[in-house]
Each structure stands twice: as structure tokens, then as C-alpha cells.
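FYI, it's all coordinate maths here, none of it is from the lab. These numbers were taken from a predicted model, which means no experiment stands behind them. Glycine also receives a Cβ, built like all others from the backbone with ideal geometry; neighbour counts cover every protein chain displayed.
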Amino acid sequence: MFGYGIVLLKLEKGEGMDAKWETTLRAAGIERVVDSKCSAEFKEFRVVHVNLIYELLNSRSFRLILSELLDREASTFGENASIYWECTPVESENSDFRFTVSRAISLENRRIDLVTFERYFHSAMKQKKSVTQFSNLAGDSTLIVPVPNELCTNQCADLASWLRATRTHTELRDELLVEVGEALKDRIAQKQRVYLSTAGDGVSWMHVRLDPAPKYYTNLLYRNM
């Protein structure tokens, strides 16, 4: 639907590119929320006129635009800034879906932790997977985690650093978001309310979380939903 123009947008610079980018977002069904009720430090977006889970599973264009959006918003906080990505709870495939991007100063300049998820990495590597999915220790949350590779030897402690590392390898972004879509679909099929986010103040390796409660959220508005 959108073609390769999406990739070109992040390489070109000059007058009018911001307007073109906003047009691309709207065409994908993503809007910047200008009347946000969130605190000023949170940049809020909403997904409209499209089914989030369907798009994550079936639209490579949507996945590339979403990952590019998160990368762009992270860069507005600084060249090496870290971010939190926090979403409103998802209860069905037709749920109203909003998300915020905010700076995560506590995650910046942290050393990566390759030990905590090591056994899951080994299993995924044997299957030649770039992404692995598993439950947390309590068994109530799903973690979706990129497998370490040559791109992330000294970085990828959080979402923003991983996005920077994968700018020329968008297939890795694509594969991760497909896993997110599949995990969301599974949780919704079980009639579970799901909070989708990235945190990282615990384990210092990029991972996407699907939780039954917003226990790590910094956005108080979303936390109280």
C-alpha cells in the first residue's frame, strides 16, 4: 500500500519532509494527538481506522512506519536518548489504541545484560530466530526479545538503542513487531486485558512486555486505566 517511499523518508532531509512524514502516518492510520490529556513529557499518538493486531500481523508497511515513528520520536530527545513506549490497555481487536513515547533518562548509558535471558537466546539461536518469546518468572507476562547479534554487541539495552542499531536492518524490526502482533492476538483470544510497553529498568536488554497490569508504567494517565 505504501511501498518503498517509507524507507526513503527517513533518509531524505529538507523543507517539507515533516509534512510528508505526517501524511505517511495518517495514511497508515496513525495520528499525533494534539489535545492529549497526558503530561507534557509524553508524546501521544493514536491508531485510527485500522485494526492494530491485523496490521501488525499482515502489513509490513504499517510495521515499518510504526518502528520508524518510534525511532524518530526517540531522536527528538537526543542522539543517544532512551525511551519508554507505553500503550493503552488492549481488550479486543477493536480496542481504541493509543500510545506514548517519553524519555527514559534512567536507561541511558547502561551496560547491556546478556545473562538474564541467556537460555532463551541459546534456544532461539539454535532455531536461527532473530526474536524470542517467553513468559516472565511469575508466568503472567509475555516478553518479546530480540536475539543478540553483531549489530548489538555493546548496545540495545533499551528500545531506542535497538532501533538505532537496526536502521539499516529493518527486517529485524519487522520480525519483532510480527511477534508482538501474534502475542497480542493470543492474549486477546484468552479474554485477557493486555498492557503493551517497553520498560528496561530491571533487565538491561531490549524487550517488549505484554502485562496483565501496568506495573512498570510511568504514564499515570495510562497507569490508572
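Just want to confirm a number: the relative contact order over segment 113-211, from Cα pairs under 8 angstrom separated by 6+ residues, in percent.
31 percent.
With the cut-off at 18 Å, report for segment 102-172 the share of all Cα pairs above it, as a whole percent. It would help to have the intermediate numbers written out before the result.
Working: 1089 of 2485 pairs.
Tail of the P(r) past 18 Å holds 44 percent of the pairs.
Starting from the 7 Å offset along Cα-to-Cβ, what nm value, one decimal, do you get for the label separation of Glu91 and Arg72?
About 3.2 nm, to one decimal.
Whole-Å semi-axes of segment 94-225's equivalent ellipsoid, largest first, each the root of 5 times a Cα gyration tensor eigenvalue?
One finds semi-axes of 23, 18, 14 Å for segment 94-225.
Tally Lys and Arg at +1 and Asp and Glu at -1 over the other residues with C-beta under 12 Å from the C-beta of Glu22: what net charge comes out?
Working: positive: Lys20, Arg26, Arg32, Arg72; negative: Asp18, Glu31.
My count for the surroundings of Glu22 gives +2.
If the rule is a partner Cβ under 4.7 Å, which cysteines in the chain fail it?
So, Cys38, Cys87.
With an 8 Å Cα cut-off and a minimum separation of 6 or more residues, compute the relative contact order for segment 7-140 in percent.
With pairs under 8 Å counted, the relative contact order is 19 percent.
Would you list Phe99, Phe121 from fewest to most Cβ contacts within 10 Å?
Going from least to most buried by this count: Phe121, Phe99.
Where does the chain land at 222 nm, in deg cm²/dmol rounded to the nearest 500, when only DSSP H runs of n ≥ 4 count, each adding -39500 (n - 2.57), divided by all residues?
It comes out at -10500 deg cm²/dmol, rounded to the nearest 500.
Per 0.36 nm of contour for each residue apart, how much would the distance between Arg46 and Ala27 grow if the chain were fully extended, relative to their Cα-Cα spacing?
Stretched fully, the Arg46-Ala27 segment lengthens by 5.6 nm.
Pick from Ala183, Ala124, Ala19: which is most flexible by mean-square fluctuation in a GNM of the chain where alpha carbon atoms under 10 Å apart are linked?
Ala19
Of the residues Gly139, Gly202, Gly181, which exhibits the maximal mean-square fluctuation in a Gaussian network model of the chain defined by a 10 Å Cα contact cut-off?
Evaluated over the chain, the most mobile residue of the options is Gly139.
Distance check, please: which entries in Lys37/Lys129; Lys20/Lys129; Lys20/Lys215; Lys20/Lys128; Lys191/Lys215 exceed 29 angstrom between their Cα atoms?
In this structure, Lys37/Lys129; Lys20/Lys129; Lys20/Lys215; Lys20/Lys128 exceed 29 Å between Cα atoms.
For a Förster distance of 35 Å, can you work out the FRET efficiency between the beta-carbons of Thr116 and Arg167, rounded to the nearest 0.05?
For Thr116 and Arg167, the calculated efficiency is 0.85.
Nothing charged except the Cβ atoms of Lys and Arg (+1) and of Asp and Glu (-1): what's the magnitude of the dipole of the chain about its Cα centre? Round to the nearest 20 debye. Let's see the in-between values first.
Details: 29 positive and 31 negative charges, 54 e Å.
With only Lys, Arg, Asp and Glu charged at Cβ, the dipole is about 260 debye.
Fewest first, what order do Asp18, Asp211 take by the number of other Cβ atoms within 10 Å?
The most exposed by this proxy come first: Asp18, Asp211.
What fraction, in whole percent, of alpha-carbon pairs in segment 5-107 exceed 15 Å separation?
So the pairs more than 15 Å apart make up 65 percent of the total in segment 5-107.
Percent relative contact order of the chain, based on C-alpha pairs within less than 8 angstrom and at least six residues apart?
22
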